[in-house]
1. Any idea how many residues of the range 96-119 are among the small types (G, A, S) and within 16 Å of ligand 1 (Cβ to nearest atom)?
2. Quick check on my filter: what residues within the range 204-222 are assigned to a helix (DSSP H, G or I) and not β-branched (V, I, T)?
3. Within the range 395-411, restricting attention to residues that are more than 25 Å from the chain's Cα centre (by Cα) and within 16 Å of ligand 2 (Cβ to nearest atom), which residue is least open to solvent (accessible area, probe 1.4 Å)?
4. For the range 20-57, which residues satisfy the criterion of being within 12 Å of ligand 2 (Cβ to nearest atom), buried (at least 23 other Cβ atoms within 10 Å of the Cβ) and more than 30 Å from W109 (Cβ to Cβ)?
5. Out of all the residues in the range 51-95, which are within 16 Å of ligand 1 (Cβ to nearest atom) and touching a helix residue (DSSP H, G or I) at 6+ places or on another chain (Cβ under 6 Å)?
6. Inspect all residues belonging to the range 390-400 and state whether any of them is under 15 Å from Q16 (Cβ atoms), away from ligand 1 (no atom under 16 Å from the Cβ) and not in a loop (DSSP other than H, G, I, E, B).
7. Could we say that V415 is in contact (Cβ under 8 Å) with a residue 24 or more places away in the chain, farther than 17 Å from P351 by Cβ and either surrounded by fewer than 20 Cβ atoms within 10 Å (Cβ to Cβ) or not aliphatic (A, V, I, L, M) (or both) here?
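The values are calculated or read from the model by the stated rules, or taken from the named source; none is laboratory data. From a predicted model like this one, the values you see are computed outputs, not experimental measurements. Here the Cβ is made from the backbone with ideal geometry for all residues, glycine too, and neighbour counts use every protein chain on show. Keep in mind that these areas ignore ligands, DNA and RNA; they rest on the heavy atoms of the full protein, side chains included. Shrake-Rupley method; radii C 1.70, N 1.55, O 1.52, S 1.80 Å.
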Amino acid sequence: MPSWLKNAVFYEIYPQSYYDTNGDGIGDINGITEKLDYIKFLGFNALWLNPCYVSPFMDAGYDVEDYCKVAPRYGTNEALYNLFEQAHNRGMHVILDLVPGHTSDQHPWFKQSRLPTKNEMTDRYTWTDCVWNRPPEYSWVAGMSDRDGCFLINFFNSQPALNYGFNEITHPEWQMSYTDPRAQATFDAMLEVMRFWLDRGCDGFRVDMADSLVKNDEEKTATASLWRRARKMLDESYPEAMLISEWCNAPRSVNNAGFHCDFLLNHQYKMTHYGFRYWENGVNKSYFCKTAHVSAHNMLSKYLDELYQIQGNGYISVISGNHDTERISYMLDESELRLAYTMLLTLPGVPFFYYGDEIGMRYIPQQSKEGGFHRTGSRTPMQWDNSLPNLGFSTADASKLYLQVDDQPNAPTAVQCQANPDSLLNLVKKLNAIRSENEDLQADGQMKILVCDDNGVLAYLRGEHTAVVFNPTDKAQTTTLNVQQELFKIGSYTVKDGITTLESQTAVIFKI
Ligand code: GLC
Ligand code: CA
């Protein structure tokens, strides 16, 4: 287990939209490097970058054309190595996005695989044996090349699935076992990609659709066996490198497949603004919605169930949101966000913040860009300051931007939030500081529910001596829990005769 994970708090960056240093209207690697001090100032000590590799960008870079080359629009490999180094100089870590399930249809492997004559890449992807053979239980693309067969896709049509074989063979005429050397060779190629970046200073990977590799793998045992090979490689050669999966089933990912962390979200289903399970409860029924008055039970049950199953083996990562979800501010207003962030940063495991959530950036519904569709609204440029025309994101003419910046006159900016002691940004900074000074609140500290009432009061113990209590509702609520030795609070409370009254929208971190 990489030692730095104990106290890691991640910041996810969508490179297109963070900071443009050369005035071409699109964010770049040097822009991230320039903002490292800002990120560190907030108390984040680790970064996850969405894919920044050469790509035709039919899915914002999740359609990789070259796994080992930075897309020219973001800069060069050297710029990325420099980012690793500058981050390390500040005690920070950087992980990249590994997309093992599929490539772009422009990847040289695929261009070779689709040739009608047999060659080294023929089995790098999964093809049926005849263009008319399209078993309905899979998603196929037919008739795009002279090779007689259809290729299996993993996401969009432009993302052919890499071939890791099948666990259960139902069509022996074209399926191969996951143990077949041709299928195992695909994973070897992915291990090589990992070594390439790890040897150049990268600290690990967020693994895209990590559960999707072997097909017909109901219980995911075959897919897990592949990832255990990756973990073995890390343990032997890169013991401080981390692997976090987009699997969304921590017992399988952590206990069976050897990931250090798994995200708690819901990528299997159509995403809605409450589609990440941690905050999920129904429209206007989120635990943090002040008028909802619901017990925290629904929100926490899956999380706690998984947490207790994986304890000691790895971590669960809760998120403020990501590049696939509507921004959390779409669902919660600022007063509600303050309590949600307090929970996010006081749970066990490794929390992730999505860029801009620290200033409460908006979800802005708009036309799709690069395969984003409804996700595009969460991918707009970071709002740095109040300068025109692009709120400090880029000096390019607004018409040249990757996406337009928020055009509302009251759009929050980092500079504004830094100057306001009561801003969300300063709350996040304070919470990160408390977490980093208090081992109980970090990844390993236990979590035990102390109170989970129907009136909305929730309290949990972290580690041996630190507790957190919430009343997210718009009314005062009481609890018999004795709130004392406060470390941090939002709102206010009084304690009298063994009863604590928590005023509306109150959260307290205290010693017990
Ligand atoms: C993951 C990514 C998403 C991408 C998809 C296909 O869910 O987070 O952005 O479109 O995988 O790679
Ligand atoms: Ca740029």
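1. Residues flagged as among the small types (G, A, S) and within 16 Å of ligand 1 (Cβ to nearest atom) within the range 96-119 amount to 2.
2. Taking the range 204-222 and keeping what is assigned to a helix (DSSP H, G or I), we get 210-212, 221-222.
Result: A210, D211, S212, A222.
3. Within the range 395-411, the first condition is being more than 25 Å from the chain's Cα centre (by Cα), and the residues that meet it are 395-400, 407-410.
Next, from what is left, pick out any that are within 16 Å of ligand 2 (Cβ to nearest atom): 395-400.
Numbers: T395: 125, A396: 7, D397: 92, A398: 30, S399: 94, K400: 137 Å².
So, considering only residues that are more than 25 Å from the chain's Cα centre (by Cα) and within 16 Å of ligand 2 (Cβ to nearest atom), the one least open to solvent (accessible area, probe 1.4 Å) is A396.
4. Matches in the range 20-57: D20, G31.
5. Selection gives C52, Y67.
6. To start, the set of residues in the range 390-400 that are under 15 Å from Q16 (Cβ atoms) comprises 390, 393-394, 396, 400.
Narrowing the set further to residues that are away from ligand 1 (no atom under 16 Å from the Cβ) leaves 390, 393-394, 396, 400.
After this cut, where a residue has to be not in a loop (DSSP other than H, G, I, E, B) as well, the list is 400.
The answer is yes; a qualifying residue exists.
7. Numbers: in contact (Cβ under 8 Å) with a residue 24 or more places away in the chain: yes; farther than 17 Å from P351 by Cβ: yes; either surrounded by fewer than 20 Cβ atoms within 10 Å (Cβ to Cβ) or not aliphatic (A, V, I, L, M) (or both): yes.
The answer is yes for V415.
A quick yes/no check of all residues on (1) of a type in the set (F, W, Y); (2) within 29 Å of C68 (Cβ to Cβ); (3) open to solvent by 40 Å² or more (accessible area, probe 1.4 Å):
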residue: T103; (1), (2), (3): no, yes, no
residue: Q106; (1), (2), (3): no, yes, yes
residue: W109; (1), (2), (3): yes, yes, yes
residue: Q112; (1), (2), (3): no, yes, yes
residue: L115; (1), (2), (3): no, yes, yes
residue: T128; (1), (2), (3): no, no, no
residue: P135; (1), (2), (3): no, no, no
residue: A142; (1), (2), (3): no, no, no
